[in-house]
1. So which residues in region 175-196 are of a type outside the set (Phe, Trp, Tyr) and outside any helix (DSSP H, G or I)?
2. Could you list, in sequence order, all residues of region 711-769 that are part of a loop (DSSP other than H, G, I, E, B), without any contact (Cβ under 8 Å) to a residue 24 or more places away in the chain and farther than 28 Å from GLY881 by Cα?
3. Could you name every one of the helices (runs of 4 or more DSSP H) located completely within region 504-596 that has at least 3 residues being modelled with pLDDT under 90 and over 30 Å from THR429 (Cβ atoms)?
4. Looking at ALA420, ALA405, which is the one that is crowded, with 24+ Cβ neighbours inside 10 Å and at pLDDT below 90?
5. Do we have any residue at all in region 269-291 that's of a type outside the set (S, T, N, Q) and touching a His at 6+ places or on another chain (Cβ under 6 Å)?
6. Looking at this structure, is THR479 buried (at least 16 other Cβ atoms within 10 Å of the Cβ) and either free of Cβ contacts under 8 Å to residues at least 12 places away in the same chain or not assigned by TED's automatic domain parsing to the domain that holds SER309 (or both)?
7. Answer yes if at least one residue in region 36-46 is under 25 Å from the mean Cα position of the chain (by Cα), more than 16 Å from GLY93 (Cβ to Cβ) and touching a residue at least 24 places away in the same chain (Cβ under 8 Å), and no otherwise.
8. For region 534-543, name all the residues that are of a type outside the set (A, V, I, L, M) and in contact (Cβ under 8 Å) with a residue 40 or more places away in the chain.
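The values are calculated or read from the model by the stated rules, or taken from the named source; none is laboratory data. Here the structure is a predicted model, which is why all the values come from computation and not from measurement. Reconstructed Cβ throughout: ideal geometry from the backbone, glycine too, with neighbour counts over all protein chains shown.
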Amino acid sequence: MPDALYLSAAILLPYLGAAIAALLPNNARHLEAWLAGGVALLSLCMVWLCYASIANGAVPRFEIPWVPELGLNLILRMDGFASVFAVMIAGIGFLVVLYARYYMSQEDPIPRFFAFLLAFMGSMMGLVLSGNLIQLVFFWELTSLFSFLLIGYWQHSASARDGARMALTVTSAGGLALLAGMLLLGHIVGSYDLERVLASGDVIRSHSLYLPTLILILMGALTKSAQFPFHFWLPQAMAAPTPVSAYLHSATLVKAGIFLMARLWPVMAGTEAWFWILGASGMITLLVGAYVAIFQHDLKGLLAYSTISHLGLITLLLSLSSPLAMVAAIFHTMNHATFKASLFMAAGIIDHETGTRDIRRLSGLNESMPFTARLALVAAAAMAGVPLLNGFISKEMFFTEALTAASAPTLMHSMLPLVATVAGIFAVTYSLRFIHGAFFGPPTDDLPRKPHEPPQWMRVPVEILVLGCMVVGVLPAATIGPYLDVAVRSVLGDATPEYSLAVWHGFNLPLVMSLFALAGGVLLYHLLQPHLRSGVEGTPLLRGLDGRRIFDQAMVFLSWRFARTLERLMGTSRLQMQLRLMVCVTILAATLALLPYGLSPGEVALTSIDPVVALIWIVGGGCAIGAAYQAKYHRLAALILLGGAGLVTCMTFVWFSAPDLALTQLMVEVVTTVLLLLGLRWLPKRMEERGSGSFKARARRLRDLGVAVAAGAGLTALSYATMTRVSPDGISRHFLERAYTEGGGTNVVNVILVDFRGFDTMGEIAVLGIVALTVYALLRRFRPAAESIGVPEQQQGDAGAWLLAPGVLMRLMFPVIGVVSIFLLLRGHDLPGGGFAAGLMMSVAILLQYMVAGTRWVEDHLRVRPLRWMGGGLLLAAGTGLGAMVVGRPFLTSYFAYADLGWLGKLPMASAMLFDLGVFCLVFGATVLMLIAIAHQSVRSQRAAPPPVVSPSLPAMAAGDD
């Protein structure tokens, strides 16, 4: 249980911190930084508390049943490999928070920054600790979402917005491919449990769906880790604040793809397809990224392309399907996060203190920023692979694996030593350019700010990371060795090879390759000096291969030409045509689904038709036909007739002993009729159709009639075929027998809604809330013309001024309806009622007050805050479900007991009551929010100031509906 608590806390703490950070004031910079840093440290402590059992070979695991029948349980697990990533996420996250405290400007919205950063941290932690494939994809997409918000944090910058949009587009497209691949992988294995998947390597590789599964999963991994041909998004993301770049693009976001490939390496590697896809992508990315980095004039641009190159190196190692290559890949992943995060921070310090990152303008900063210069020098040397630094050891392991793979018969294998050496030369070259271009040479006065050292605490994170580069480089086996061994064994298991982290392995060929790369890099930098000093934009030999331009052209084609073509073919300015298309597609889908099975009636005989019911249905049918006919002439009359048809439906429910449905239907009819009545004034005036248009209009109406009849007849036939069948194992008996014993209620309908199918209900109320927010967001920008022209301004929106008696009665009805609403809520678990009907009933009370006084009076006197009602209701419903999970039960499992109140007797208590209360709050809040959105209108004014918003009265509203 402690390990389960630690795993849960490691993920939930960042999300909790993000929620708190978002609520803090903008001027609380110290408090924000303390909060974010404390959350990162606590998450790191949670990971460290699990490490003792991991080091002993255990794998802490925490599983919560969710949908066991579909294999969708929430599973958290941490092995050695996941712990390494978790330490990087929380540890470097803490250093980035400390760095950001001094980097971010006073004008920046700090609460939003730390809220996004902590939410991203929680998403990354959830990704690496996921023990379920679908759960992993969920957190994968959350990392894309929060990285989008972080990259586009400076919303005033067009480059930040474009970079964020590009990153989201590419990584989200890969995420969709990953979801499809994970679904196929779960289908192959028969489970989405990661442990079962990792134990099914032979089954996966021999399956006929292996190749499509592999391609889809690698699409997700390669897009996230910016591998060729998807590498172009990462340099554009450098428009983000430097703390974001130091965190996302060195240790977390871009490492997610590496994590996934290494995670699935034991079960998907070892095939020709794996080698050719990853090998080709990794090799091209390694060379192209390193080559382009040399010619970047922006410090962060140089680091971005060098990051792409190092990720290509790791991808190339993973493609080799060698256990030693896996060791080198994990080791270089750790080393790269260390020296690249420190380099990004050093670049941010230069930008922060000089006002520019352009290497062509920077020179001689060693004199004014000596400490920063030495820190950057060590980190860049580690990136270049200089001996006695951590990057040198993992680079030598890469060279060794390249030489070992060269003995394989394929051409790509034989090219690996040359590719590795050339990439090493390029790495030395761009590292030299970073250091020499910024810190050495004659000092310059042509800078936006006078350079100087940053605040001491801003430099501390860089110092810690650089110290790590040096300590690991000198004492690798004693420092990083035990943790690397635990990580490697968690991936390779019994296949873990013997390897050495010694600094000196003798004078061998990998050492010769390293020395040749160092000398070649220095020589190449010297030869390129004239070209680099000229300041020419672009990369020689690769100017035509601009990934961003290709992406922009693709987006123009998809979002402009292709979308415009679809709009011309299928778009329309009339909602009726879109509705007709949707209904036709539904009819077609239902027909295709039923064709193989037919639609014959069952064996149950029809009962005789009661004359009273027949009369009621005749009235309802007449109302429906009349509504369709009157819609042509008078919308208000059509709405009244439509309400009559709804009332007949309500009476039908009563007749067939469905009081819950009847009560809910009645409330829905009242509320929707009023809202639709308000909505009439938003509709445009009818277009008169004359001449040849009359024939077209009749043809269109006949076509619509045919579609309506087909849809209605089809649904009638389906309902008839369903209700005339009797199943001995029908679901009704199941619910009737278990409603009280398992749900604690005698009202079976309500027990189904809040217990047996509570998850569906929570989804439905969430959708209702989204609809209400959408209505408000759409209508708040538009206001219909005022209908109250000619009414004195002091009387506008106050029907009570001339409807005194009804106004008084409606005011007196408010507490009465409120009590009835509470009565329906409290009795809903055992008798007809429930949260939905009670919420609508309380909405009716608000509607009555609106009808006599308008929304302004309702807002000022009743002080209804619909957003709070909606948010509180959704949180209460979700909290009820989470409460069940806390005690080890499935989500939204209800608890029922009797509370002994002494002489008052025993009172039935069910946790579903809290869920029903959440439904009540959200339904009430959503209805009132839509009322406010639809009821507000603009009023014409002769004043120069913007016209005030005056609440309309019911008579004025009705008078102008057509």
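1. GLY190, SER191, ASP193
2. The answer is SER727, PRO728, ASP729.
3. 547-556, 563-570, 575-594
4. ALA405
5. No, every residue in region 269-291 fails to be of a type outside the set (S, T, N, Q) and touching a His at 6+ places or on another chain (Cβ under 6 Å).
6. yes
7. no
8. Matches in region 534-543: GLY535, GLU537, GLY538, THR539, PRO540.
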